[in-house]
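Encoded as structure tokens, the structure appears first; notes follow it.
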């Protein structure tokens with residue numbers, strides 16, 4: 001159980017809004033993921049875009065996990081928090097020259113390359129620095145992730161990666177570049193994937209691409225299968241941890257792995273989402289027609305997922321934690337946007353002004369995407385081991 005009476009008594013005394021992170025749940029999640037990954041000798045790179053809180057990154061470093069970064073700022077943040085450079089991978093469709101130079105200067109493990117032009121730029125910068133850049137080609141496998149269209153990344157219509165049809169011309173280009181070394185293939189097809197058949201389909205596509213490459217005598221040291229493993233937003237207490245065993249088992253069963261070929265994964269949401277919650281307070285309640293509205297002191301400025309993706313988060317009234325759930329409310333924020341809401345027709349106990357609410361499963365893509373829109377300020381942060 002995420003919240004118990006002891007924790008709730010402490011939380012409801014703190015000034016809202018704030019993000020609350022349960023460190024024990026975070027560590028248990030890491031332990032389960034690591035145990036499952038070891039069964040296939042998989043290497044995990046935590047995706048910093050999900051959450052880059054220093055304390056959480058320091059715990060990740062303690063567990064010897066790597067980092068998946070999508071900016072120079074994330075590379076610097078990972079290094080600052082003692083994640084070794086040789087465990088850092090760098091992805092992204094728009095790497096700047098300065099970011100590429102930083103990655104090469106810090107001798108990170110690999111740059112995941114998303115276009116032929118990017119290969120040329122990396123080669124040029126590596127030549128100037130008198131180094132050889134280790135790269136993986138991010139291939140767009142045209143695999144449907146069956147998730148929200150805004151977080152699907154593996155279709156040919158998406159901006160990410162090199163189309164499979166362009167592999168030949170990419171290989172030809174690689175032969176002309178002297179300061180780039182191909183060491184891997186990278187795939188990432190989307191986020192919040194809960195249908196494991198999607199990962200099976202990815203494996204089959206990777207197998208096909210590897211056979212295509214082997215016919216051209218091209219072999220790579222590692223396969224990076226990306227991330228995308230989803231969590232249960234609807235029942236976070238009943239399913240506090242993702243099915244890591246089932247996730248890694250899919251790759252063990254369906255991926256045709258070459259001898260001594262390493263498997264790398266870029267998990268983000270699956271590791272950090274359930275350990276976090278956004279805590280806020282009811283400032284007003286109002287009725288309009290048949291609708292009952294609750295207005296909170298936090299909104300899309302602090303957790304944009306419902307407004308951006310129509311995402312669902314479980315909402316709890318901590319002040320009425322043990323009371324009967326019997327009223328329907330639209331739970332909204334204070335921002336001057338119609339889309340500023342956390343949930344519609346949410347079943348809650350009878351709620352009053354001043355009640356403290358928890359927006360659950362907010363450890364990923366929550367605080368990290370917060371803004372100062374409407375100049376309402378950023379949320380505070382508290383950790384369970386500091387209360």
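Please go through the stretch 302-313 and pick out each residue that is out of contact with any strand residue (DSSP E or B) (no Cβ under 8 Å at 6 or more places or on another chain) and either farther than 16 Å from residue 358 by Cα or assigned to a loop (DSSP other than H, G, I, E, B) (or both). Break it down stepwise before answering.
Applying the first criterion (out of contact with any strand residue (DSSP E or B) (no Cβ under 8 Å at 6 or more places or on another chain)) to the stretch 302-313 yields 304-305, 308-311.
Residues satisfying the conditions are 304, 308, 309, 310, 311.
Out of all the residues in the stretch 13-21, is one or more touching a helix residue (DSSP H, G or I) at 6+ places or on another chain (Cβ under 6 Å), part of a strand (DSSP E or B) and more than 16 Å from residue 273 (Cβ to Cβ)? No - not one qualifying residue is present in the stretch 13-21. Mind telling me which of the residues 239, 233, 219 ends up being assigned to a loop (DSSP other than H, G, I, E, B), assigned by TED's automatic domain parsing to the domain that holds residue 132 and touching a residue at least 60 places away in the same chain (Cβ under 8 Å)? Being assigned to a loop (DSSP other than H, G, I, E, B), assigned by TED's automatic domain parsing to the domain that holds residue 132 and touching a residue at least 60 places away in the same chain (Cβ under 8 Å) holds for just one of 239, 233, 219, which is 233.
Out of the residues in the stretch 262-278 meeting the condition of being touching a helix residue (DSSP H, G or I) at 6+ places or on another chain (Cβ under 9 Å) and farther than 20 Å from residue 315 by Cα, tell me which one is surrounded by the most Cβ atoms within 10 Å (Cβ to Cβ). So the residue we want is 271. How many residues are in a loop (DSSP other than H, G, I, E, B) and free of Cβ contacts under 8 Å to residues at least 12 places away in the same chain if we restrict to the stretch 113-131? Number of matching residues: 1. Every test in (1) buried (at least 20 other Cβ atoms within 10 Å of the Cβ); (2) in a strand (DSSP E or B) is passed by residue 299 save one, and that test is (2). Regarding residue 343, is this residue under 19 Å from residue 308 (Cα atoms) and assigned by TED's automatic domain parsing to the domain that holds residue 281? So residue 343 fits the description; yes.
When residue 291 is tested against the conditions (1) buried (at least 24 other Cβ atoms within 10 Å of the Cβ); (2) modelled with pLDDT under 95, the lone failure is (1). Which pairs do you get when a residue that is free of Cβ contacts under 8 Å to residues at least 60 places away in the same chain, found in the stretch 52-63, comes within reach of a residue that is buried (at least 16 other Cβ atoms within 10 Å of the Cβ) and part of a loop (DSSP other than H, G, I, E, B), reach meaning Cβ atoms under 6 angstrom, with the pair 6+ apart or on two chains? Listed by first residue and then by second, the contacts come to 54/81; 57/81; 58/81; 61/81; 61/83. Condition check for residue 146 on (1) modelled with pLDDT of 80 or more; (2) within 19 Å of the chain's Cα centre (by Cα): one failure, at (1). Mind listing just one residue for me: the one in the stretch 314-328 that is within 31 Å of the chain's Cα centre (by Cα) and not in a loop (DSSP other than H, G, I, E, B) and, of those, farthest from residue 339 (Cα to Cα)? Ranking the candidates gives 319 first.
For the stretch 173-207, filtered to residues that are part of a loop (DSSP other than H, G, I, E, B) and out of contact with any helix residue (DSSP H, G or I) (no Cβ under 9 Å at 6 or more places or on another chain), the residue that is nearest to residue 125 (Cα to Cα) is 188. Taken over the stretch 64-107, the criterion of being within 24 Å of residue 124 (Cβ to Cβ), outside any helix (DSSP H, G or I), within 20 Å of the chain's Cα centre (by Cα) and without any contact (Cβ under 8 Å) to a residue 60 or more places away in the chain is satisfied by 69, 70, 71, 88, 90, 92, 94, 95. The single residue among 381, 272 that is part of a helix (DSSP H, G or I), in contact (Cβ under 8 Å) with a residue 40 or more places away in the chain and within 21 Å of the chain's Cα centre (by Cα) turns out to be 272. When residue 289 is tested against (1) touching a residue at least 12 places away in the same chain (Cβ under 8 Å); (2) at positive phi, exactly one condition is not met: (1). For the stretch 35-58, a residue qualifies if it is surrounded by fewer than 16 Cβ atoms within 10 Å (Cβ to Cβ) and in a helix (DSSP H, G or I), and the qualifying residues are 35, 38, 54, 55, 58.
When residue 286 is tested against (1) crowded, with 17+ Cβ neighbours inside 10 Å; (2) farther than 24 Å from residue 9 by Cα, exactly one condition is not met: (1).
Is it the case that some residue within the stretch 242-251 is at positive phi, touching a strand residue (DSSP E or B) at 6+ places or on another chain (Cβ under 7 Å), assigned to a loop (DSSP other than H, G, I, E, B) and crowded, with 20+ Cβ neighbours inside 10 Å?
So in the stretch 242-251, the residues at positive phi come out as none.
No, the stretch 242-251 contains no residue that is at positive phi, touching a strand residue (DSSP E or B) at 6+ places or on another chain (Cβ under 7 Å), assigned to a loop (DSSP other than H, G, I, E, B) and crowded, with 20+ Cβ neighbours inside 10 Å.
Say whether the condition of being closer than 25 Å to residue 165 by Cβ, touching a residue at least 12 places away in the same chain (Cβ under 8 Å) and in a loop (DSSP other than H, G, I, E, B) is met by at least one residue in the stretch 260-268. Yes.
The values are calculated or read from the model by the stated rules, or taken from the named source; none is laboratory data. Bear in mind that the values here come from a model prediction, so they are computed numbers and not experimental data. Every residue, glycine as well, gets a Cβ built from its backbone with ideal geometry; the counts of neighbours run over all protein chains shown.
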